[in-house]
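The values are calculated or read from the model by the stated rules, or taken from the named source; none is laboratory data. It should be emphasised that the depicted structure is a prediction, and the values quoted were computed from it without experimental measurement. Accessible surface areas use protein heavy atoms only, side chains included; no ligands, DNA or RNA. Shrake-Rupley method; radii C 1.70, N 1.55, O 1.52, S 1.80 Å.
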Amino acid sequence: MSERLVPAAKYLTYTEAIGLYHALEQVGVVALVKSCGPPSLPFGDGLYYQLQVQEKHLEAAQPVLAEFSQKQAQISVEPQLCPSCGSVYVWPERNLSWWKKVIYAGTTVFKCHDCGHSFFA
């Protein structure tokens, strides 16, 4: 394969990368999923994934990439709700104790400012 590969999407989770890979496969665009970003411990693979396509297929992939981007924008706009009281006044909890940092590694701990409930997402 002597065609040049260009990044079509960066900083994806594994699930997002594989979903986008299959969506591109359905429209006939061959893609490559590659790990990137800072290494995870203890294995050293990247925390994020990158999707690459051949330069000649980039134009055909644009509608699928635009739809994916639009869905991602909608997800990030949805507010986090407290599972206990349903309040939207939740913020990431700062100053976690060391044991909570170990237990909740890779997640975000939120705290509701109405009822004081702590939860992770």
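Which residue, of 68, 43, is within 18 Å of residue 6 (Cα to Cα) and either at pLDDT 90 or above or of a type in the set (A, V, I, L, M, F, W, C) (or both)?
68
Could you count how many residues in the range 76-106 are modelled with pLDDT of 80 or more, assigned to a loop (DSSP other than H, G, I, E, B) and open to solvent by 60 Å² or more (accessible area, probe 1.4 Å)?
The total comes to 9.
Does the range 47-75 hold any residues that are in a strand (DSSP E or B) and either basic (Lys, Arg) or at positive phi (or both), and which are they?
none
Just to verify a result, which residue in the range 107-121, among those that are within 30 Å of residue 38 (Cα to Cα) and not in a loop (DSSP other than H, G, I, E, B), is most open to solvent (accessible area, probe 1.4 Å)?
120
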